[in-house]
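For reference, the structure discussed in these notes is given below.
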Amino acid sequence: MTTQQVESRGLEGTGYEAVIGLEVHAQLLTRSKMFCGCSTAYFDAPPNSNVCPVCLGLPGTLPVMNREAVEKTVLTALALNCEIPPFTKFDRKNYFYPDLPKGYQISQYDLPLSRNGFLEFAVDGRTVRAGVTRVHLEEDTGTLKHAGDLIHEATSSLVDLNRAGVPLMEIVGEPDLRTAEEAREYVTRLRQVLMYIGVNDGSMERGSLRCDANVSLRRAGASEFGTKVEIKNMNSFRAVHRALDYEIARQLQVLQSGGTLVQETRGWIETEGRTVSQRSKEQAHDYRYFPEPDLPPLQLDSAYVERVRGRLSELPDARRRRFESQYGLSAYEAAILIASREDADVYEGLVSAGVPAKLAANWQIGDVARLANAHHVPLHRSGLGVAGLAALLRLVDTGTINGTTAKELLDELYIPGGDPLAVVSERGLGQVNDAGELGTVVGEVIAANLKAVADFRGGKEQALGSLVGQVMKATRGRADAKMVNALLRERIGG
Amino acid sequence: MARMTLSRDDVAHVAMLARLGLSDDELERYRHQLDAILDAIGRLNEVDTSSVEETAQVGGLVNVWREDEPRESIGSERALANAPDRDDGYFRVGAIQE
Amino acid sequence: MAERWVGSTITAMAAALREGRVTAVQLLSEAIAHRERTDSRINAFLARTDELAERQARAADERIQREGAAAPVLCGIPVALKDVLCLDGVATTASSLIIEGFLPPYTGTAVQRLLDQGAVVVGKTNCDEFAMGSSNENSAYGPVGNPWDVERVPGGSSGGSAASVAAGVVPYSLGSDTGGSIRQPAALTGTVGFKPTYGRVSRYGLIAFASSLDQIGPFTNTVEDTAHVYRAIAGHDPLDSTSSTAAVEDPLETLHEGVAGMRLGVPSEYFAEGLEPGVRARVEEAIETLRSLGASIEEVSLPSTDAGLSTYYILAPAECSSNLARFDGVRFGKRSEEASLLRSYLATRGAGFGPEVKRRIMLGTYALSSGYYDAYYRKAQKVRTVIAGEFARVFEQVDALVCPTSPTVAFTQGAREDPLAMYLCDVLTIPVNLAGLPGISLPCGLSEGLPVGLQVIGPRFQDARVLRVAHAYEQASGVTALRSPMVAEAAAA
């Protein structure tokens, strides 16, 4: 719906533009499966241990909808600016595959839970609005293990149905994307939204978030689409970017050499950095969709939709804008701080604990992020925690300790935790800001560095820095730098 | 509207969609029988449905759901007990690609 | 020793159990003895569950001792289950080779409700494969004989369940009805067969044929017995999303209220060409009996009755083509091992399903396939709306409908080889399933020495009213005395 003219990049000068639409599958963070009470915590379970007669597709069993899965799909649809039609239903998608126990997948065909949404994001400073055709709800399949992991060579395959029936959203995007970079950014932003509203864990590695793409090339400015190729098996953001770049280049080469493209499905092979055709001898698909007779339809009235909308937490974009205006942060700082809901919550936790906004931002983006990376432990799960860091930064803010001391303490307390105030008083780490005590040290430093004093008096402003450094060294970093500056200037003039 | 009679390819296509391995005799027999049945079913077109909604269900229920509460699974031993072929906790199937 | 309880009713057995005139263990041993006496001729039983039944009978006797009159009516009474109903750990085949040896790891809701009452299960009954058929000749385990004449069919698809009651082995059984599979065999075997309103009885544990049409119901010897079984199995089940949450009226409360002042409709289309004269005569007599009981009889019209058959033979095969996709030889059942998965699918399903099942899967697959959906499936769904609408309008005018159940009496095995001729058996029962209505068949006399069935149809959720009309006729006509010759064999033994 929101096909917008986006300048084609990467294909500049070729006369072609790429047309990309993404289909994202996202497992919902529910406790139980879509149509039965089995747990969704299947990932590390022994094979076929997380199953019951319903998700095994045993004869005589029937599905019963998970209310929370419906609600989380509606929540997602609202976050993606979709309409929620008053009537929706489930359909059966019929095909045979060993990971599909019933021989059909319960999905949605002509009346999905939501339609006509969009996702906005920025690429190179431009705002891109990509249409979301629909968000619908279905059940995940089981998983297959092939001898040697190569489906082509395997003489047999092993079926695990632990994943079968996990609630799965399909988020179908409009073909509004024009570059691999846009596609990557779309998936990144979509993932951020899904994690923000708590419907998906965002793990492409584990497959709880999966992405397929439809890619075609056409003459720049043309309105009709070229031959569409479906790309599967992109298991990371990087893979999305690389696979699409590769595929766009491949299609361009075919077209420029006068060839024609075939409509097909191609798989991305990460290790080889290329896509390969997945054409097989299998029959053409004819899914024979029809309304699922075992499930009554859904009528979601506006009261229901508004109630769900009430569950919608502030979305990343809105939070970023609020951070800029409310806390006076730069766009850059705000973007980093809202990257995940946890990060943004940590930041607001620090501020509400009395840490000045700018100080909190500097520390969270700088040293805290460094430690979180180094230890693979985010602050809110570290020993220090949000409260500990706030206590530490309050000491900085009141001038009780200086930055150097604070950094040392942060490094030390990050994992084990502890009360910064207690440590400071116990070890006497408090900042030296007694004029008498500092005056003695300053006098000693001046006496020992007459050359620097002469340089300063001769107009070399930076000589003052080395004198300050000497004072800091003598006080093991505890001196109040501002006061040292003032005392030096007072004694040596200037 | 006159209906085209089923060809052997039509019947073979349907059998493949339904994953029914049929002998040549069966294909031929079903071609005749399905043709006869589809002819008889043509009586449907005598009913005027121009302003009629479809009925998929007669129960009249909407919004039937359960709360998101996990239940105990039956465990892999019971899950696999009826399997024609199993291997180390998995159901085993033959080569997926020909 | 002669079996005193063969051919008796639930009501009589329940009274005798409470009065100590018989024990559940004795009832069971009589049922088993009569089953073994008759089954070589009627082939009604597949799995025999005698050990389980022994345990259940002993437990039932203890419960009756303990609870006395408070024990549920069905406690200690033998029952047979159509082999499309899952019972934990008991072989369930749907009369098909494709799941030979399948032991369900769970029990379906309707069956569980009987077990909770203290039922004693004597076995699983033969039926048409996956409940598809009208003569019980489509079973992989051989046809079922009609206890009135073993050369004749008992009807289908719940032929074994009907025959087990008609022969007097059990006083009741459960069947399933998708297009007439309880009512038509009830008519052909002289038993009472009831299909409740769609959504009244949970389908959880019923191997699905056509999900939007299937409904579980009982076979009994009397309408009162039917009311007892219905009361036990009806009601909301959270495991079946299509099961109604509306409160179940107790049919026993209104059973004896009679039909005086009721308006009963006679749909003219149900007396069309093809109705055997003997059937017509018995049904017309039954209608006269109802008139004499004070009901006003009104002729009504259901113009799309004929189209019902076509609608059904699109919708039911379409749903079955999907419902039977799970029989793929991966998780259960018998698999024909081949070099590749695709070939294994083809061989397993090609060999595992019988001809009628394959025919319907083909028909349904075709009706749903690309390019044909609108002309067949969607059109049939619309005609379904028309048919349901015609019933709804008629029920603004009358309280219930009375008509024949089957156009014919039981026919000879092998007499209907043409599938289309066989499909005509259900022309009078199918519309009831399409509209989701309650319908009962009960005996209304004999024609050529074979039972004729009277069908009573009510509006949705008026199951109690249907039973009330049927009971009024039954009591006035004295048809409860009709018993197949096999019942008498027990007394003679």
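The values are calculated or read from the model by the stated rules, or taken from the named source; none is laboratory data. In this text the structure is predicted, and so the values were computed from the model without any measurement. Cβ atoms come from the backbone with ideal geometry, glycine included; neighbour counts cover every protein chain shown.
This table checks each residue for (1) under 20 Å from A:L429 (Cβ atoms); (2) surrounded by 16 or more Cβ atoms within 10 Å (Cβ to Cβ).
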position: A:G366; (1), (2): no, no
position: A:L371; (1), (2): yes, yes
position: A:H376; (1), (2): no, no
position: A:S382; (1), (2): no, yes
position: A:L389; (1), (2): yes, yes
position: A:G403; (1), (2): yes, no
position: A:L413; (1), (2): yes, yes
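Among the residues of region B:44-98, the one identified as in a strand (DSSP E or B) and more than 7 Å from chain A (Cβ to nearest Cβ) is B:R86. Quick one: is A:T400 in a helix (DSSP H, G or I) and at pLDDT below 95? Spelling it out, it is not the case that A:T400 is in a helix (DSSP H, G or I) and at pLDDT below 95. Each residue in region A:424-440 was checked for being surrounded by 17 or more Cβ atoms within 10 Å (Cβ to Cβ) and more than 24 Å from A:K407 (Cα to Cα), and 0 pass.
Considering only region C:303-345, state which residues are away from chain A (no Cβ under 12 Å) and within 27 Å of the chain's Cα centre (by Cα). Within region C:303-345, C:P303, C:S304, C:T305, C:D306, C:A307, C:G308, C:L309, C:S310, C:T311, C:Y312, C:Y313 meet the criteria. Could you tell me whether region A:182-194 includes any residue that is under 24 Å from A:M65 (Cα atoms), away from chain B (no Cβ under 14 Å) and crowded, with 21+ Cβ neighbours inside 10 Å? Yes - at least one qualifying residue is present in region A:182-194. Among the conditions (1) in contact with a His (Cβ under 9 Å, 6 or more places away or on another chain); (2) surrounded by fewer than 18 Cβ atoms within 10 Å (Cβ to Cβ); (3) not hydroxyl-bearing (S, T, Y), C:G261 misses just one, which is (1).
The criterion of at least 2 residues that are touching a residue at least 40 places away in the same chain (Cβ under 8 Å) and more than 14 Å from chain C (Cβ to nearest Cβ) is met by the following strands (runs of 3 or more DSSP E) wholly inside region A:223-320: A:229-234.
Taking region A:58-171 and the strands (runs of 3 or more DSSP E) fully enclosed by it, the elements with 2 or more residues that are among the charged types (D, E, K, R) are at A:91-94, A:114-123, A:126-139. Only one entry in C:P407, C:P451 is outside any loop (DSSP other than H, G, I, E, B) and in contact with a Gly (Cβ under 8 Å, 6 or more places away or on another chain), namely C:P451. Take C:A415 and tell me if it is out of contact with any Pro (no Cβ under 9 Å at 6 or more places or on another chain) and more than 13 Å from chain B (Cβ to nearest Cβ). So C:A415 passes the test.
Would you confirm whether or not region C:246-263 contains a residue that is within 14 Å of chain A (Cβ to nearest Cβ), in contact (Cβ under 8 Å) with a residue 40 or more places away in the chain and either at negative phi or not basic (K, R) (or both)?
To start, the set of residues in region C:246-263 that are within 14 Å of chain A (Cβ to nearest Cβ) comprises C:246.
Subsequent filtering for residues that are in contact (Cβ under 8 Å) with a residue 40 or more places away in the chain retains C:246.
Going one step further and asking which of them are either at negative phi or not basic (K, R) (or both), we end up with C:246.
Within region C:246-263, one or more residues are within 14 Å of chain A (Cβ to nearest Cβ), in contact (Cβ under 8 Å) with a residue 40 or more places away in the chain and either at negative phi or not basic (K, R) (or both).
Of the residues making up region C:119-131, not a single one is surrounded by fewer than 21 Cβ atoms within 10 Å (Cβ to Cβ) and either within 14 Å of another protein chain (Cβ to nearest Cβ) or of a type in the set (A, V, I, L, M) (or both).
Screening the candidates A:T73, A:T61 for the property of being more than 11 Å from every other protein chain (Cβ to nearest Cβ) and either surrounded by 24 or more Cβ atoms within 10 Å (Cβ to Cβ) or at pLDDT below 95 (or both) yields one hit, A:T73.
Being in contact with a Ser or Thr (Cβ under 8 Å, 6 or more places away or on another chain), closer than 30 Å to C:V248 by Cα, surrounded by 24 or more Cβ atoms within 10 Å (Cβ to Cβ) and modelled with pLDDT of 95 or more: is that true of C:T405 here?
yes
Of all the numbered requirements in (1) surrounded by fewer than 15 Cβ atoms within 10 Å (Cβ to Cβ); (2) at pLDDT 95 or above; (3) closer than 27 Å to C:K358 by Cα; (4) acidic (D, E), B:E77 misses one, and that requirement is (3). Taking (1) more than 12 Å from chain A (Cβ to nearest Cβ); (2) in a loop (DSSP other than H, G, I, E, B); (3) under 25 Å from the mean Cα position of the chain (by Cα) in turn, B:R29 satisfies each apart from (2). In region A:234-285, the qualifying residues are those that are basic (K, R) and modelled with pLDDT under 90, and the one that is nearest to A:C211 (Cα to Cα) is A:R279.
Within region B:37-54, the set of residues being touching a Leu at 6+ places or on another chain (Cβ under 7 Å) and either buried (at least 21 other Cβ atoms within 10 Å of the Cβ) or at pLDDT 95 or above (or both) comprises just one member, B:I37.
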